[in-house]
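The structure under discussion appears below in the form of structure tokens.
The values are calculated or read from the model by the stated rules, or taken from the named source; none is laboratory data. A quick note: this is a predicted structure, and the numbers were derived from the prediction, not measured. Cβ: placed from backbone, ideal geometry, glycine included. Neighbour counts: every protein chain shown.
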Amino acid sequence: MLDNIAMKKSQYSKITTCALSGIEGVLIEIELCLLPGLPSFEVGGNCDSAVRESRDRVRAAINSSYYNFPKGRVLAAYAPATFPKSGSAFDLPLALAVLQASGQVHRPEGANPVAAFGELSLDGRVHRVSGILNRLLALEASGVREVIGPPCDFDCQSFLSNIRYYVVSNLSEAIEIYSGIVPAAGSIAKGKVSVSASESEGANSAKHGIRSSVLNRLSGQEAGIRAITIAAAGWHPLLLMGAPGCGKTSLASALAEILPPMTEEEVLQVLLIEQVSDIPVYRGDLTERPFRRPHHSITASALLGGGVPPKLGECTLAHCGVLFLDEVTEVRPQALDALREPMELKKIHLARSSWRVTYPSDFLLMAACNPCRCGERLEAGARCRCSEYSVERHLDRISGPLYDRFDLVARLNRVKAPTLQASLDQNDETRSKSIQAQVRSAWKKQMERCTYFGEKFFFNSRIPIDLLIPFMQMNDSCLKFISELAEEMRFSFRAFHSLLRVARTIADLRTAEAVEEVDLALALEYRLALPSIFSERSNIG
Ligand SMILES: [Zn+2]
């Protein structure tokens, strides 16, 4: 009888692994048992076809590593069964569970429980899976102390404090570590990682050398520089309108450049996002803010995310950074309208089949477009021959509700030729440095103000309506000025509030405590500096 129980025990095994739900890791328990019967290998517990395919890979990898796949019926169950499981990361734990249940591998008595994840190839190699850091952090939070998995392309151990991550390149190595044969210094393979880190550091400083000149090359485009400075200082969505070749794209890269570097918390968030994205992302420096520039033919699902399981989109990749939509009038209206949700909530909820996923997406939106089809409408020479009707149709692509969300609408003109020459001659690094410093001090002022009012930090673009008046610190004459203005201009509520928020940022940029008439007048320029048709539109509530 006792023998019977012991035998049964040896035919059962259990191992912890980790799945992904958006950027979060979800703990999964794999139970496996060997039963008498005809040879079969069954996998249950809400698994999709990719997980079921792992049966063949596991069988082949075990055989290639000179172990035996058990005869009879093999039954694996993934828990919790309510959570949908997808992908190939369960191959390695499944193989270890098979070997443990069939008595070919043993975890030593008293050893810490070990978790594992990784994809197996047919010859037993362990392949990379997405979201390594996300999985490790979830496992660490749940109290797991040892994990076996594939190599990570950056030093993920530096983000972990209570976990030992054993990097393996094939199933045989994983089996050794699982059975307790651990090399003395057998933690994460740091050597390889630190080399690539130092390489990227070098590449980054070189890149910085090139990038810091973006702003300097824009000399003459003062209106544009002013607009991106305000946008960066208060995290205000910005729309640039101007003829082709007036420097809209350069201004977008300059905007990403003048934003202060990310905080530690933001660095981790962005890393977790990049870890689960299938799109290769190249950022030399981890503190560098993301800059995403999707093509105008982008679909709504590529912009916001979609599919089964729901993948993230450009909005999430731009989290903590800049999302630049060039030729915004050419973007599908459906995609543009969908932007409103992330702009409001700073996150995206995706529900597809049994999946419910939330991705963060707090980005600074910058859009650019031509003022009309030919693009010449705002130029002094006025060679534009577009009819009023065609201009209207062209600009109609930016829907009213989205248009209202642009706090700043700046109109640009082409820079005159002599200034262009001057911009080539000029190599003044101090300009971009001083703008960066201005933006940073404006951010600091906003933080101080939020602390003063006992609020959690938010940018000026997100001052709640009830706090607008106390935050402005205006005197009586200024209050009178804005109430007259509101009456006269017949602004929509949203437009009027955004005008006040922009004025707050302009005052912060000149390090003033109180908002004055001059700030409001300047902010007003970014509402009125439009072709006639636009000012009419913005007035309609
Ligand atoms: Zn035109």
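Residue pairs whose Cβ atoms lie under 6 Å apart, separated by 6 or more positions or on different chains, with the first residue in region 259-280 and surrounded by fewer than 16 Cβ atoms within 10 Å (Cβ to Cβ) and the second among the β-branched types (V, I, T), are P261/T287. Taken as a whole, the structure leaves S461 outside the set of residues that are part of a helix (DSSP H, G or I) and over 18 Å from V502 (Cβ atoms).
Take V322 and tell me if it is modelled with pLDDT of 90 or more and surrounded by 24 or more Cβ atoms within 10 Å (Cβ to Cβ).
Yes: the conditions hold for V322.
If I ask for residues that are among the aliphatic types (A, V, I, L, M) and within 16 Å of the ligand (Cβ to nearest atom), which ones from region 369-410 would you list? Correct list: L378, A380, A382, V391, L395. Residue selection: P244 fails the criterion of being outside the structural domain of E24 (by TED's automatic domain parsing), assigned to a loop (DSSP other than H, G, I, E, B), at pLDDT 90 or above and surrounded by fewer than 21 Cβ atoms within 10 Å (Cβ to Cβ).
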